[in-house]
Amino acid sequence: ISLFCLVSALLLSLAVIFLWAAGLPGLMKYGFHQSVTKFNTAFCTLLTGISFVLITIGKQKRTAVAFALFVLFISCITLAQYVFHFNTGIDELLFKDTVTPVANYPGRMSPGSALQFFILPLVLLSIAYKKEKIITELLLIPLWSISFIILMGYFFQLGKSIPFAGYTRLSPLAV
């Protein structure tokens with residue numbers, strides 16, 4: 001099942017990247033709230049998936065670590081943009097987001113996605129450098145918790161019934 005999930009995430013991220021490159025982000029609208037998966041979310045998903053594969057098979061450890069560090073860098077910048085209310089321009093560096101309203105930070109992955117992409121590279125680095133197993137397990141707890149909450153939100157369509165200030169939608173791809 002884990003191999004299926006990994007392959008699915010990689011294929012979905014490639015599909016999203018292709019749609020952004022083709023200038024068709026409107027085709028990516030999903031769910032009852034019509035959210036669009038951002039390019040940065042798909043790109044970070046792709047890099048973490050490749051990093052995981054490289055670490056698992058024991059090949060190209062330096063490349064895997066570089067990918068994980070790049071994802072960590074992107075997530076730190078994205079989180080900093082939310083916390084300190086500034087724009088670095090990385091959200092639309094490659095592709096302009098014409099689907100998302102300006103008030104919702106076009107091109108920027110949600111804070112929840114950025115938080116997950118902050119934790120996931122730390123898990124990958126912990127595995128790559130064979131740190132204490134407890135460190136990896138402790139990092140996985142918030143990652144799984146966030147993913148579970150997001151999936152339950154999609155499953156029960158909570159975005160429709162429980163709107164609240166500051167609510168942002170995460171891409172299922174980020175889960």
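The values are calculated or read from the model by the stated rules, or taken from the named source; none is laboratory data. On a predicted model such as this, the values are computed, not experimentally measured, just so you know. Side chains included, ligands, DNA and RNA excluded: accessible areas come from the protein's heavy atoms. Shrake-Rupley method; radii C 1.70, N 1.55, O 1.52, S 1.80 Å.
Annotation: extensible slack from K133 through A80 equals 16.2 nm (criterion: 0.36 nm per residue apart, minus Cα-Cα distance). Taken one residue at a time, the phi angles of region 44-49 give Karplus couplings (6.51, -1.76, 1.60, θ = phi - 60°) of 5, 4, 4, 5, 5, x Hz. Gly and Pro are set to x.
Taking amide H as placed 1.01 Å from N in the peptide plane, S110 has its amide H under 5 Å from the amide H of S171, each at least 5 places away in sequence or on another chain. The residues T88, T56, sorted by heavy-atom accessible surface at 1.4 Å with ligands and nucleic acids left out, run T56, T88 from largest to smallest. Rolling a 1.4 Å probe over the protein heavy atoms of region 56-114, with every protein chain left in place, gives an accessible area that is 67 percent carbon and sulfur.
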